[in-house]
Amino acid sequence: MVAAQERLIDETTITEPDAAPVLRSLADRLHDADFDEKNAAAAVGAPSPEQLLGHPARYAFFGGHRHPAPAPAAASVLTSLFILNQTLPAADVTAALPAALLADLRSLDLVSTTGERYRGRVSITPYRGQFFLSDQLFRSPAPHVVEPAEGTGLVMPPHTSTLLALSTVDSVEDSFLDIGCGTGFLALNAGRRVNRAAGFDLNPRCVAFATANAALNGSEARFTVADFATHQVEAQERFQAMLFNAPTIPTAQPGLSEIGQTTAEHVLNTTIEVAPRVLRPGGTAYVLGLVEVPQRLATATATVEHWLAGRTVEATVRELDTPSLTITRRELADRTLNGHSLLAFGRDQAQRLLTVLAERGVAAVVPVIISVRVAETERPTP
Ligand SMILES: C[S@@+](CC[C@H](N)C(=O)[O-])C[C@H]1O[C@@H](n2cnc3c(N)ncnc32)[C@H](O)[C@@H]1O
């Protein structure tokens, strides 16, 4: 259930059949307005698009919108409305955005206005020539004010871990299944060598947004509601690769956890069980997750090897050098978290998280991509 219903768009607005042509038209007009990740980063003075997409609330809080805007005016206004989730004077919006673009946004209910001011009702992330609709996880109604959205079941915009998963998806060939698809970003970015991409999510609102994002970007990818743990695919429909950017962020407050919140160990065990029912023999399952390294083990790789001890599984671990998703041994020992961390907001939350982790014997937290290969001869489990 979503608590803050009045703030969220009704997802049927973007999935009903009449919406599809308007979504296509919207994509063309966003392109024409030069709304892309580089212009968005330039508009807020971010050193890279990845910095902006990893920390949009921070850019909203610390000013975000630069005057005069170095990016084209329309891209700058779109960045404010749909990435920084700011409220803008109506005069600025109508001066910068072509009337036809504003008409598409209004027709899909993606903006609202009081007459004097405009605000976006969704987040729109431009990336590699495509656009991704999602919920706004925060709003910034005034400078130095950021209000987190309430409720569970929100559709997260593409974020740091999504972008980390992208290089793996880029290497996939033939067919790709996006597990826990969220906005559908990974399936819709599957590379040129992929001729079939699909995705599913436990959260029906994610599936609605992913379906709308496929329409928006002119993709044939199909998205369905399903649970990873019980998923299976008919033998002739199985995929060459699948990836689960899994919700494994450790939290000290259960209320803040994501849908399906789990541990990397649990996701890995489920992946080993599910992969033969979903992938072809010789296919590869990838899991992106955060490994909690116990004090008695040296590294995340050693921890995964410990989980797999005694099993005949062909698996490899790649540790990711991403400070915003890592808690080092030193940080845990000193009970201080780096200022760019995405694992806690503010000093109090960071302290609580580090204390909880230390109490349960965790020495470090490390993001990894684990790949599991299905044996050429493996028989699917019934
Ligand atoms: C970290 S988000 C990743 C979203 C998207 N793939 C991305 O990279 O931006 C995890 C997603 O997994 C979904 N999820 C959690 N548990 C699941 C399960 N058991 N089966 C399918 N999806 C699940 C959540 O609803 C959420 O959309």
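A quick yes/no check of all residues on (1) of a type outside the set (A, V, I, L, M, F, W, C); (2) open to solvent by less than 60 Å² (accessible area, probe 1.4 Å); (3) in contact with a strand residue (DSSP E or B) (Cβ under 9 Å, 6 or more places away or on another chain):
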| position | (1), (2), (3) |
| --- | --- |
| Asp10 | yes, no, no |
| Glu16 | yes, no, no |
| Leu26 | no, yes, yes |
| Arg29 | yes, no, no |
| Phe35 | no, yes, yes |
| Leu53 | no, yes, yes |
| Arg58 | yes, no, yes |
| Phe61 | no, no, yes |
| Ala74 | no, yes, no |
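Can you pull out the residues in the range 155-183 that are over 25 Å from Glu11 (Cβ atoms), in a loop (DSSP other than H, G, I, E, B) and open to solvent by 30 Å² or more (accessible area, probe 1.4 Å)?
Ser171, Glu173
Scan (1) more than 9 Å from the ligand (Cβ to nearest atom); (2) open to solvent by 20 Å² or more (accessible area, probe 1.4 Å) for the single condition Asn213 breaks and write down its number.
(2)
If His231 satisfies all but one of (1) open to solvent by 40 Å² or more (accessible area, probe 1.4 Å); (2) within 9 Å of the ligand (Cβ to nearest atom); (3) over 17 Å from the mean Cα position of the chain (by Cα), what's the number of the condition it fails?
Going through the list (1) open to solvent by 40 Å² or more (accessible area, probe 1.4 Å); (2) within 9 Å of the ligand (Cβ to nearest atom); (3) over 17 Å from the mean Cα position of the chain (by Cα), His231 breaks only (1).
Conditions first: (1) open to solvent by less than 40 Å² (accessible area, probe 1.4 Å); (2) under 16 Å from the mean Cα position of the chain (by Cα); (3) within 9 Å of the ligand (Cβ to nearest atom). Ala226 passes all but one, so which condition is the exception?
Condition (2) is where Ala226 drops out.
Looking only at the range 258-269, how many residues end up being among the small types (Gly, Ala, Ser) and surrounded by 18 or more Cβ atoms within 10 Å (Cβ to Cβ)?
1
Go through the range 318-347 and count every residue that is open to solvent by less than 40 Å² (accessible area, probe 1.4 Å) and over 21 Å from the mean Cα position of the chain (by Cα).
3
With Ala364, Ala350, Ala375 as the choices, which residue is surrounded by 17 or more Cβ atoms within 10 Å (Cβ to Cβ), modelled with pLDDT under 95 and in contact with a Ser or Thr (Cβ under 9 Å, 6 or more places away or on another chain)?
On inspection, the qualifying residue turns out to be Ala350.
Could you name every one of the strands (runs of 3 or more DSSP E) located completely within the range 227-337 that has at least 1 residues being on the phi > 0 side of the Ramachandran plot?
Because the criterion is at least 1 residues that are on the phi > 0 side of the Ramachandran plot, the strands (runs of 3 or more DSSP E) in the range 227-337 that meet it are 279-294.
Specify the residue that is surrounded by the most Cβ atoms within 10 Å (Cβ to Cβ); the eligible residues are those in the range 107-139 that are under 19 Å from Glu37 (Cβ atoms), away from the ligand (no atom under 13 Å from the Cβ) and among the small types (Gly, Ala, Ser).
It comes out as Gly120.
Quick check: is even one residue across the range 236-249 open to solvent by less than 40 Å² (accessible area, probe 1.4 Å), out of contact with any strand residue (DSSP E or B) (no Cβ under 8 Å at 6 or more places or on another chain) and within 11 Å of the ligand (Cβ to nearest atom)?
Yes - at least one qualifying residue is present in the range 236-249.
Which residues, counting only those in the range 285-301, are open to solvent by less than 30 Å² (accessible area, probe 1.4 Å) and under 22 Å from Gly199 (Cβ atoms)?
Ala285, Val287, Leu288, Gly289, Leu290
Right, Ile272: within 12 Å of the ligand (Cβ to nearest atom), within 19 Å of Val368 (Cβ to Cβ), among the β-branched types (Val, Ile, Thr) and open to solvent by 30 Å² or more (accessible area, probe 1.4 Å) or not?
It is false that Ile272 is within 12 Å of the ligand (Cβ to nearest atom), within 19 Å of Val368 (Cβ to Cβ), among the β-branched types (Val, Ile, Thr) and open to solvent by 30 Å² or more (accessible area, probe 1.4 Å).
Residues to consider are Leu177, Leu188; find the one that is farther than 22 Å from Glu273 by Cα and more than 9 Å from the ligand (Cβ to nearest atom).
So the residue among Leu177, Leu188 that is farther than 22 Å from Glu273 by Cα and more than 9 Å from the ligand (Cβ to nearest atom) is Leu188.
The values are calculated or read from the model by the stated rules, or taken from the named source; none is laboratory data. In this text the structure is predicted, and so the values were computed from the model without any measurement. When we count neighbours, we look across all protein chains shown, and the Cβ atoms used for this are built from the backbone with ideal geometry, even at glycine. Side chains are part of the model used for accessible areas, which takes the heavy atoms of the whole protein and leaves out ligands, DNA and RNA. Shrake-Rupley method; radii C 1.70, N 1.55, O 1.52, S 1.80 Å.
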